[in-house]
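As structure tokens, the structure follows; a few thoughts come after it.
The values are calculated or read from the model by the stated rules, or taken from the named source; none is laboratory data. Predicted model, so just to flag it, every value in this text is computed and none were measured. Don't worry about glycine lacking a Cβ; one is built from the backbone with ideal geometry, like all the others, and counts go over all protein chains shown.
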Amino acid sequence: MNRRVETLLRGEAVTEGAGVHLHRVFGFHEAPMFDPFLLLDDFRSDNPEDYKKGFPWHPHRGIETITYVLKGDVEHGDSLGNSGTISDGDVQWMTAGSGIIHQEMPQGDPSGAIHGFQLWTNLPASYKMMRPRYQEYTAARIPETQTAEGCHVKVIAGTVAGTSGPVTDVVTAPVYIDCTVPGGACFRHTSPPDHTALVYGIEGAGRIEDTEVPTRHLAHLTSGTDIVVSAPEGPFRFLLFTGKPIGEPVAWKGPIVMNTKAELDLAFLEYQSGTFVKI
């Protein structure tokens, strides 16, 4: 059964970090519907004043944060000792687990442009306090494939069209791809019917069943097995996320997501007392 569009979102402009202007596609209010996904930010600008102040040192616990850069540089560092720069086409998949402190500082490209995305996914209670870990993959290490209908697919996580992404061992069994459908063609993918599926337009406009999905809009799909995205009027580039719902209570405050308020209170108390980082 083909999935249809259940909800179509435009998102809103927000300012986060030390003053970064970005487009919040979804967040706190939509999280119960989009389980296991918590938040998606689209940051794109040609003006360094919109992003140069960045996201200075801050904590995370109980979630995974995934940063995917299309254009420009993002410098980063964390309490595990990881540091460096991710650039065009690179991915940083950080599992905060029991607690990590990190910073992300967008630098842009030589012309001052930046474009990328940050996705947050939840962790179930039994993994909230797991050992933190960090996975980083340059564009050259992320496989790309072409479907029979000519769709170009970059596979970050999961398996699509027989190609598997480098990100592995994630409890919510996610699929994360960057796909471009040529005009007049269709992209097809089969997923478990109970997995949440989201499609976010990057460039152009596509169609899912009888609903148009424009650029910078997010389609939350109904349950079903088949995801079919067409591009009747020209090329359509989009991100596809699918994942296994967790189905647990969500207690969320700022950069920390737990199951209960008591767990949240403890996390912030530990952060203030200097005992937040366990590893």
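Key figures
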read-out: When residues of region 18-49 are limited to those that are of a type in the set (Gly, Ala, Ser) and touching a residue at least 40 places away in the same chain (Cβ under 8 Å), the one farthest from residue 197 (Cα to Cα); value: 45
read-out: Qualifying residue in region 123-134 (condition: over 17 Å from residue 36 (Cβ atoms) and outside any loop (DSSP other than H, G, I, E, B)); value: yes
read-out: Condition check for residue 18: assigned to a loop (DSSP other than H, G, I, E, B) and farther than 17 Å from residue 245 by Cα; value: yes
read-out: Residue count for region 180-198, restricted to those that are part of a strand (DSSP E or B), out of contact with any Phe, Trp or Tyr (no Cβ under 9 Å at 6 or more places or on another chain) and surrounded by 19 or more Cβ atoms within 10 Å (Cβ to Cβ); value: 1
read-out: Given (1) touching a strand residue (DSSP E or B) at 6+ places or on another chain (Cβ under 6 Å); (2) modelled with pLDDT of 95 or more; (3) over 30 Å from residue 274 (Cβ atoms); (4) surrounded by 14 or more Cβ atoms within 10 Å (Cβ to Cβ), index of the condition residue 6 fails; value: (4)
read-out: Some residue of region 143-159 being buried (at least 20 other Cβ atoms within 10 Å of the Cβ), in a strand (DSSP E or B), touching a residue at least 40 places away in the same chain (Cβ under 8 Å) and among the hydrophobic types (A, V, I, L, M, F, W, C); value: yes
read-out: Total residues in region 231-247, condition farther than 11 Å from residue 194 by Cα and in a strand (DSSP E or B); value: 6
read-out: Which listed residue, of 257, 228, is touching a residue at least 60 places away in the same chain (Cβ under 8 Å), in a strand (DSSP E or B) and either surrounded by fewer than 18 Cβ atoms within 10 Å (Cβ to Cβ) or at positive phi (or both); value: 228
read-out: Exclusive hit being at pLDDT 95 or above and within 29 Å of residue 62 (Cβ to Cβ), set 270, 209; value: 270
read-out: Restricting region 169-179 to residues that are part of a loop (DSSP other than H, G, I, E, B) and in contact with a strand residue (DSSP E or B) (Cβ under 8 Å, 6 or more places away or on another chain), the residue that is surrounded by the fewest Cβ atoms within 10 Å (Cβ to Cβ); value: 173
read-out: Out of 90, 78, sole residue that is of a type in the set (Asp, Glu), over 24 Å from residue 241 (Cα atoms) and in contact (Cβ under 8 Å) with a residue 40 or more places away in the chain; value: 78
